[in-house]
């Protein structure tokens, strides 16, 4: 696996236009790799059957050659021949819970806060830093990633960076929908590795000017822009203090949606594609203000 390094001296737009297409391995190499992997996962009898099937599939004039030829044609006619397959099969139709299994997360070093305001001060500093990082992405000022090792000097696609803040995954019964919920500049750097087409696009009328803050099982809209000017760190701290105060005064400290049997934990508190999801969606439609709140979350800068 190539190691990443960043080079701020090269023009991002120029580098992204020069990205090579994702390679397509020869059929024999793919089948050999498949058998090598399966040999350690199944018993001898099952592996013998699998090997026979693979050899028939890869035989001259067989189905493997036909499919390989179609993939070669797809590679020539698309920017990234594998992207849509990966997006659908490995992501949008994957029914396991998103945290850990799909969505990346990070854990910060343990902090020793003196009091609540100290913790909120840290949160305000974090929000400010993330917003500054997002500005680098929006203005395409983020240095391009380059590979080292065997692929030394090869520019890597930066498209995934813009998706960190602009894409919303709408849950469905059998497959989810990926929606781009923003407009304007900053859609990433060009094409190449990792680039493809979203399942759907919902472009907002303007750039998001708020973030979503969760506090005591309640969601709050925190406007990060006032008078066409982004809030500074002290302003954000003041708003966070108000949010905590409002959350503590609230009569309802329980989650707004409950079932007699709590659904499996996942993104939005449930595993998608289950009966719990159908019940939750039905509750959302019947609950006043919930669909409006979901729309606000969808077009937020980030949550």
Inside segment 139-174, the number of residues satisfying the requirement of being part of a loop (DSSP other than H, G, I, E, B) and over 23 Å from residue 95 (Cβ atoms) is 12
Note on segment 76-109: residues surrounded by 15 or more Cβ atoms within 10 Å (Cβ to Cβ), free of Cβ contacts under 8 Å to residues at least 12 places away in the same chain and over 14 Å from the mean Cα position of the chain (by Cα) are 78
Hey, any hits in segment 110-128 for a residue that's in a helix (DSSP H, G or I) and touching a strand residue (DSSP E or B) at 6+ places or on another chain (Cβ under 8 Å)? yes
Suppose we filter 26, 20 for residues that are surrounded by fewer than 14 Cβ atoms within 10 Å (Cβ to Cβ), closer than 30 Å to residue 146 by Cα and at pLDDT 95 or above; which single one remains? 26
Between 198, 204, 265, which is modelled with pLDDT under 80 and either part of a strand (DSSP E or B) or touching a strand residue (DSSP E or B) at 6+ places or on another chain (Cβ under 6 Å) (or both)? 198
Test result for residue 61, at positive phi and exposed (fewer than 14 other Cβ atoms within 10 Å of the Cβ): yes
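The values are calculated or read from the model by the stated rules, or taken from the named source; none is laboratory data. Note that the structure is predicted; figures quoted are calculated from it, not measured. Virtual Cβ from ideal backbone geometry, glycine too; neighbours counted across all protein chains shown.
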